[in-house]
Each structure stands twice: as structure tokens, then as C-alpha cells.
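Notes follow the structure.
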Amino acid sequence: MFDACRKHAPQKMLLLYMAMKVMKMLLSVILLVVYCFAVREEAKLFLLTFILYYIVYLIYETWFFFTYEVGKKQKKEKKNETNA
């Protein structure tokens, strides 16, 4: 999805990324609320576990996209150097 956006509308890439992050966060909050109402006795443990996994995944995802973008930038710079 991101590569298609990069090719067809690179100026909207940041908007798409932020929209996906907000949607994921909203869906996560909805899941948390529904589960906490459905299973009240295990809510605290579930919340702690969910938040821990969410933070770990958020760190991994940020690292992944950072390294991906740095790699793309380096490839583009090498391509521009060879063409110049």
C-alpha cells in the first residue's frame, strides 16, 4: 500500500501513514473497551499485557519504517550519483 502511494501520490505518504496509525489506535481502544466490559475480572491483566505488546510493536514498526526509508533514500542518492 505504501509503495503504491509513494509511486502515485508521494505528497500524501505522510497523511496515509498517520491515518493508518490513528485507525489502528482507535481499533485497539475499541477492542480494549469491549473486552473490559465483557470480562471484568481479567481486565487489568489484559490491559497491561495489551499495552505492553502494543508498545513493543510500536517500537518495532517505527524502527522498521525508519530503516526502510533510510535505505530508500540511500538507494536514490546512489542512483543520482551514478547518473550525474
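Below 15 Å Cα-Cα, how many Lys pairs turn up in the stretch 2-83? Only count pairs eight or more apart in sequence, or on different chains, if you could. Numbers along the way, then the final one.
Working: LYS7/LYS72; LYS7/LYS73; LYS7/LYS76; LYS12/LYS21.
Final tally of qualifying lysine pairs is 4.
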**Angle in degrees between helix 13-38 and the longest Cα principal axis of the chain, rounded to the nearest 10** = 10 degrees
**Request:** Would you mind checking the tilt of helix 43-83 against the longest principal axis of the Cα atoms of the chain, expressed as 0 to 90 degrees and rounded to 10?
**Result:** 0 degrees
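Readers should treat all values here as calculations from the given coordinates under stated rules, not as data from a laboratory. The shown structure was predicted, so the numbers you read here are calculated from the model rather than taken from an experiment.
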